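Bear in mind that the values in this text are calculations on the coordinates, not laboratory data. All values derive from a computational prediction rather than experimental measurement. FYI the Cβ positions are ideal-geometry reconstructions off the backbone, even for glycines, and counts take in every protein chain you see.
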Amino acid sequence: MKRTKTKKHQTVNEKTLIVAVDIGKTVHYGYFRGPQGHDIKPFPFRNTWGHFKDFWDKIVRYKTENKLEDIIIGFESTGSYAEPLTHYLTQKPVQLVQINPMHTKRIKELTDNSPNKTDRKDPRVIADVIALGHALTVVIPEGSAAELRRIIQARERAINIRTIMINQLHHMIYLTFPEFTQVIKNIKTKSALYLLKNYPTPESIVSLGLKSLSLLLKKVSRGKMQRKRAVRLFEAAQHSVGIHEGRQGMLLEIEHLVSDIENKNLFINQLEEKLTYHLGRIPYSQSMLSVKGVGPVTTAGLIGEVGDFGKFKTVSEIMKLAGFNLYEVSSGKHSGQCHISKRGRSMMRKLLFFAAIGTVRSNGIMHKKYHDMLDRGMPRVKALVAIARKLLCILFALARDNMVYCDNYNKVHKVALAA
């Protein structure tokens, strides 16, 4: 396994004030530690502007009284609960760092040789991790990058909700008109949703007549569904085994589900329009989009999750942020297998994995590399993860250098040098 180590620099010295915060939904716990271990007891403060101001005033007062110069504020990576405080502190002259919750979980027993975990103990443990130099950089997205993060998160939630509603719709159709999905397999299409909205029962399909149904299908599908499909649907409706008892309630639910799915589709389209707009405002986005198989959603999601590619110096830092860094468990004569840590942003891994699937297809930039891995006996999923890691390296290099992807770059470059 290739071992890469990110360069660490000493951030804590005799003039540094360490401020640790245990983040909660409504109440946070703060803790100060100065040089030579001088500290104050953890204290609570609420998630309001007034309490934030009191918290900052207390930091400034402690710094002045102890004649300190630098302030480092650290907290656990706790998702959205930390964001109001984080955005408040970005306007102050401090260095923000975050702590991997796994580190606090492992180190907490060093404090008092006890597995005890409380809101008052956690800030001390966070301060210990910062003092050891194992804090992680905080990159807060700004401007269009921040918008892209929110848009991608909203899109992901909307797609998940839409999937749940489509599954519910499948269940209702199976009860009222089970043959429908045998003729029109994809009920997410506009044609299927139109029929379910206006003609949800077998009787309503039969009442249309074969000729009218054929013309209707051809119109709503823009010519994709011809008379043959209409005949199959009409015959299925004539001999449907759909149940009749309790049908009114089921039809009402079908109408409601179809309406909600259409609204979700409209919302997702609006999000993707905003996504395209903000993606155009990121200077290096076109460099990332130049890779065949990497689309706007993948690019926008990566920029939103990373915040700013320009603030990372090495690709190993990006790998750790995504949880794509490798580890093995070896001891003595036993040599362990390599795995990805998965201690990072799951959305980045998801986006890169699906992008990897696109790049290994026929004529894809990673097609040959992927099949070389399979020929060596590597499992398909493991090979796709390896491709996703390589793809992240390429995207980082393109964003860093603001260059357009060139297939077979080494060969082309050698020819250019020879000329």
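General remarks:
- Toward the positive end of the charge dipole of the chain, with +1 on the Cβ of Lys and Arg and -1 on the Cβ of Asp and Glu, the farthest Cα among G34, F177, V231 is that of V231.
- Here D122, D401 are placed in order of increasing Cβ neighbour count within 10 Å, fewest first, which gives D401, D122.
- Residue pairs, from the table K185/K218; K313/K382; K197/K219; K320/K350; K190/K274, whose Cα atoms sit over 25 Å apart: K313/K382
- Relative intensity of segment 298-403 on a log10 scale, I(q)/I(0) at q = 0.12, 0.14, 0.17 Å⁻¹, equals -0.43, -0.58, -0.83, per a Debye sum over C-alpha point scatterers of equal strength in the absence of solvent.
- Dimensions of the chain based on its C-alpha atoms, expressed as ranges along the principal axes with the largest first, amount to 88, 66, 49 Å.
- Summarising the strand pairing of the chain, around 60 percent of its internal DSSP beta bridges are antiparallel.
- The chain - percent relative contact order, Cα under 8 Å, separation 6 or more: 13
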